[in-house]
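Accompanying notes for the structure given below.
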């Protein structure tokens, strides 16, 4: 995956994308690699969710995926109003780089996995970080069903994929980074 110093470039790219600016810096070649990517925005200092969008599949290079996901998390997450300019300096970012999702059985899912649920024509994804909010497997899966527009227990006959992530977050807006997974 990537190092913390390489992650610094991704955070700069994400913030410039949210501001609508170009990212003209020379960046490490590893950031041209394709990977699934999610960008999550939180309020600061309360750390309440403010937006989260990404790509489970490696559709883009890391640098492009981060820029696209950051813009979408800030302005297109239909759970929230678009980010206002005055919120920019009170928002912290988290960037998660995904391994390739692989099909798995229900019994293979455990805390620490990112999970994608598919049932009928509906699907939803939870990053591994969501386990801290729903540490019991059944509750985690029930909440994933709700996110997909299904009902509690629908996970019992769903199909699953699992993945892991490398995630970094800002300690404060525009601040130092720490690796969280």
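Annotations for the structure displayed:
- Filtered by the rule that a residue be over 22 Å from residue 58 (Cβ atoms) and not in a loop (DSSP other than H, G, I, E, B), the stretch 98-120 gives 106, 107, 119.
- Some residue of the stretch 69-84 being in a strand (DSSP E or B) and either modelled with pLDDT of 95 or more or touching a strand residue (DSSP E or B) at 6+ places or on another chain (Cβ under 7 Å) (or both): no
- Some residue of the stretch 91-109 being out of contact with any strand residue (DSSP E or B) (no Cβ under 8 Å at 6 or more places or on another chain) and touching a residue at least 12 places away in the same chain (Cβ under 8 Å): no
- Within the stretch 18-38, the residues that satisfy the criterion of being in contact with a strand residue (DSSP E or B) (Cβ under 9 Å, 6 or more places away or on another chain) and surrounded by 13 or more Cβ atoms within 10 Å (Cβ to Cβ) are 18, 31, 33, 34, 35, 36, 37, 38.
- Matching residues in the stretch 12-49 - criterion: being more than 19 Å from residue 59 (Cα to Cα), assigned to a helix (DSSP H, G or I) and touching a helix residue (DSSP H, G or I) at 6+ places or on another chain (Cβ under 9 Å): 15, 16, 18, 19
- Residue within the stretch 121-128 that is surrounded by 15 or more Cβ atoms within 10 Å (Cβ to Cβ), without any contact (Cβ under 8 Å) to a residue 60 or more places away in the chain, in a helix (DSSP H, G or I) and on the phi < 0 side of the Ramachandran plot present: yes
- Unmet requirement for residue 9, which otherwise passes all of (1) closer than 18 Å to residue 84 by Cβ; (2) in a helix (DSSP H, G or I): (1)
- Only one of 147, 162, 178 that is within 20 Å of the chain's Cα centre (by Cα), without any contact (Cβ under 8 Å) to a residue 24 or more places away in the chain and assigned to a strand (DSSP E or B): 178
- Inspection of the stretch 56-68 finds a residue satisfying the criterion of being part of a strand (DSSP E or B) and surrounded by fewer than 18 Cβ atoms within 10 Å (Cβ to Cβ).
The values are calculated or read from the model by the stated rules, or taken from the named source; none is laboratory data. It should be emphasised that the depicted structure is a prediction, and the values quoted were computed from it without experimental measurement. Note: ideal-geometry Cβ built from the backbone for every residue, glycine included; neighbour counts use all protein chains shown.
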